[in-house]
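Written below as structure tokens is the structure these notes are about.
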2 protein chains.
Amino acid sequence: MRLLRSARRLLVHTLPFAALSAAACTPARPATPSAVAPTGPASVHATQLPNWGIVIHGGAGTIARGSMTPEMEAEYRAKLTEALMAGHRVLAAGGSSLDAVQAAVNVMEDSPLFNAGKGAVFTHEGKNELDAAVMDGRTLAAGAVAGVTHVKNPINLARAVMEKSRHVMLMGAGAEAFAKQQGIELVPESYFFTERRWQSLEKAKADEAKYGAEALLGPEYSVPEDRKFGTVGAVALDKNGNLAAATSTGGVTNKRWGRVGDAPIIGAGTYANNRSCAVSATGTGEYFIRATVAHDICARVEYQGVSLAEAADQVVMKKLVEMGGDGGIIAMDPLGNVSMTFNTSGMYRGRVGADGKPEVAIYRD
Amino acid sequence: MRLLRSARRLLVHTLPFAALSAAACTPARPATPSAVAPTGPASVHATQLPNWGIVIHGGAGTIARGSMTPEMEAEYRAKLTEALMAGHRVLAAGGSSLDAVQAAVNVMEDSPLFNAGKGAVFTHEGKNELDAAVMDGRTLAAGAVAGVTHVKNPINLARAVMEKSRHVMLMGAGAEAFAKQQGIELVPESYFFTERRWQSLEKAKADEAKYGAEALLGPEYSVPEDRKFGTVGAVALDKNGNLAAATSTGGVTNKRWGRVGDAPIIGAGTYANNRSCAVSATGTGEYFIRATVAHDICARVEYQGVSLAEAADQVVMKKLVEMGGDGGIIAMDPLGNVSMTFNTSGMYRGRVGADGKPEVAIYRD
């Protein structure tokens, strides 16, 4: 009992919301799960109320202070807060982490600010091809869609794939046929037109014409910063101690050949397991697939017994950096420890816990 | 030096080819890599010649002795041997594990016996939608394709994605446009017609009409055995100590909605990392995605320090069985230890090492 009580004190200490803006890149080391329960975080549920909450991201990249107008920055902060509170309402009412991450992602999908849903970037052909995935940490059930072009909220379709089909991943026209059958909201392609993203495509094509596709994109998948912002995602822990993760994206501006990124790949951009953690990622997707980022973080937590923060640091700040991949992740473990780790200069992000006080941040410092 | 010598003896002992048919499901426990080098298998390369070789599978499922004619069984054994030796020739000549796994998979893709390439099963719409992936354990480079319909050897396209694009995964028509650009061999859809697979589709549709799609397929993704045989794959370790993995499949008979299985999902059906192991999987793909089978086996080897055999047992014989997923994997570690682990009654499989003596097997006993 003394062990549990001291663990609880530690937990309060390890949700330092004030640290969000100060050191979000490598948050204060949270309690190592094994310090609480030698058998791992999964066994804690029965004896302790989870430190429930939700964490979101709206993309990582070079986001320098001063690169946005104050109005634009305020818009982002307001929308991140709205998404957080949509998730919080679900959790506060005793809803599931699955419902919470979906609600939060829906808010960001419906906003033109993020590269998901409404604000998705354009492919080389001037289309919008959307990817999304969701995973239930309690059952390891998962659903994912890739390359859908008429689905208003791809995360809702991913959820339907998980719950209403015997499959995990559906792609393209087939996925849309399933969406139609399930009554998922479809929209005309024109719904996804935003002037800002169209300009990004025009610029990308102009650069390509000037420098050549290969020179521009390079062997190391380097993508100009203004083209890869904005994948959205959420992870949550509900009052029942269940974790969930969700990610939704439009991919990369000027993408072609039916490119699929890490977001819909279970284990790469999205993963949740009550035994270890829930992760949603954003960044240069190819590296996140090759490094199986989301599952690797959780595997280190489960098999090495390291803290969530340490596992995230090892993967995002070391492994990915050595490979040349940039981006970040948000994660929660079954105790409610949070990680928002990124190796770029900024990541749109936020979190809110049981106290209902949302905190959002954009830059590293 | 004494340590190395005794380790080498152990290694000879742990490639008991005679055990292939006797206990392939859980091969004799190989030397734990850490018994050789406390810092893990990756560090062994510099001081020891790798026990090079190649391992293949042609699908797992209910394969009861007597369910095939002796002629059919002989055909399978001959084709598995041919595939093994295609890979062996590459390795013996000092070629890369990547080239070896591709050569072996090509042989199986070109045969009507397996559910990949030529022998791919039919979708609900009477098409053949092929998935494949390849991964380089040295660099963690990877390539994957999903839902291609005109590519004779999908593994060749996956390799081109890995080496000639900045992407890891391409899907559908976009992937085929890339194939065309790269000069990958395309064939008319009629190339993939085989009477045997068409009959399987007809039977599947008849069953569906009789019992209903939901009753038949059920909430637990149970797929009649005759519809899920034959995904092919290979893992290899070359003379330079580099691992590679490759998987190619036509998916599941009567699949619809653009379903993507585990084969092209890096970390699920295919994964390779010189630090831990190379894995190719076959089975009910949805479970393999949810359990991130390939990466999970390698993560246990790397982070828990258990042997390849123990890691494969934990994932295939315990975790997957508890979830309800059936199938199997082939795997190699950087020392040349081999695992061919399956929780079904059979798996088409084989392996060959430096001695050039191929061993193939089908049934568990």
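The values are calculated or read from the model by the stated rules, or taken from the named source; none is laboratory data. No experiment lies behind these values; they were computed from the predicted model shown. With ideal geometry, Cβ positions are generated from the backbone for all residues, glycine too; neighbour counts draw on all protein chains shown. Surface areas here come from the heavy atoms of the whole protein model, side chains and all, with no ligands, DNA or RNA. Shrake-Rupley method; radii C 1.70, N 1.55, O 1.52, S 1.80 Å.
Values as computed for the structure displayed
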{"item": "Which numbered condition A:Ala272 fails, given (1) aliphatic (A, V, I, L, M); (2) touching a Cys at 6+ places or on another chain (Cβ under 9 Å); (3) over 19 Å from A:Val101 (Cβ atoms)", "result": "(3)"}
{"item": "Residue among A:Ala104, A:Ala146 that is aliphatic (A, V, I, L, M) and under 18 Å from A:Asp238 (Cα atoms)", "result": "A:Ala104"}
{"item": "Checking B:His45 against (1) more than 19 Å from B:Ala244 (Cβ to Cβ); (2) part of a helix (DSSP H, G or I); (3) open to solvent by 50 Å² or more (accessible area, probe 1.4 Å); (4) modelled with pLDDT under 50, the condition it does not meet", "result": "(1)"}
{"item": "Residues within the stretch B:126-176 that are at positive phi and part of a loop (DSSP other than H, G, I, E, B), tallied", "result": "2"}
{"item": "Within the stretch B:61-117, tally of residues that are open to solvent by 60 Å² or more (accessible area, probe 1.4 Å) and in contact (Cβ under 8 Å) with a residue 60 or more places away in the chain", "result": "4"}
{"item": "Selected residue [in a loop (DSSP other than H, G, I, E, B) and either at pLDDT 85 or above or farther than 26 Å from B:Glu163 by Cα (or both)] from B:Ala64, B:Ala100, B:Ala35", "result": "B:Ala64"}
{"item": "Matching residues, the stretch B:281-312, being within 18 Å of B:Pro334 (Cα to Cα), of a type outside the set (A, V, I, L, M) and either touching a Leu at 6+ places or on another chain (Cβ under 6 Å) or open to solvent by 10 Å² or more (accessible area, probe 1.4 Å) (or both)", "result": "B:Arg300, B:Glu302, B:Tyr303, B:Gln304, B:Gly305, B:Glu310"}
{"item": "Matching option when the condition is under 26 Å from A:Ala268 (Cα atoms) and either facing another protein chain (nearest Cβ under 10 Å) or open to solvent by 50 Å² or more (accessible area, probe 1.4 Å) (or both), among A:Glu176, A:Glu185, A:Glu202, A:Glu195", "result": "A:Glu176"}
{"item": "Filtered residue count, the stretch A:266-294, keeping only those that are of a type in the set (A, V, I, L, M), assigned to a loop (DSSP other than H, G, I, E, B) and either under 12 Å from the mean Cα position of the chain (by Cα) or more than 8 Å from chain B (Cβ to nearest Cβ) (or both)", "result": "1"}
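Conditions tested, residue by residue: (1) in contact with a strand residue (DSSP E or B) (Cβ under 9 Å, 6 or more places away or on another chain); (2) part of a helix (DSSP H, G or I); (3) acidic (Asp, Glu).
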residue: A:Ile297; (1), (2), (3): yes, yes, no
residue: A:Glu302; (1), (2), (3): no, yes, yes
residue: A:Val306; (1), (2), (3): no, no, no
residue: A:Gln314; (1), (2), (3): no, yes, no
residue: A:Met317; (1), (2), (3): yes, yes, no
residue: A:Ile329; (1), (2), (3): yes, no, no
residue: A:Gly336; (1), (2), (3): yes, no, no
residue: A:Ser339; (1), (2), (3): yes, no, no
residue: A:Arg351; (1), (2), (3): yes, no, no
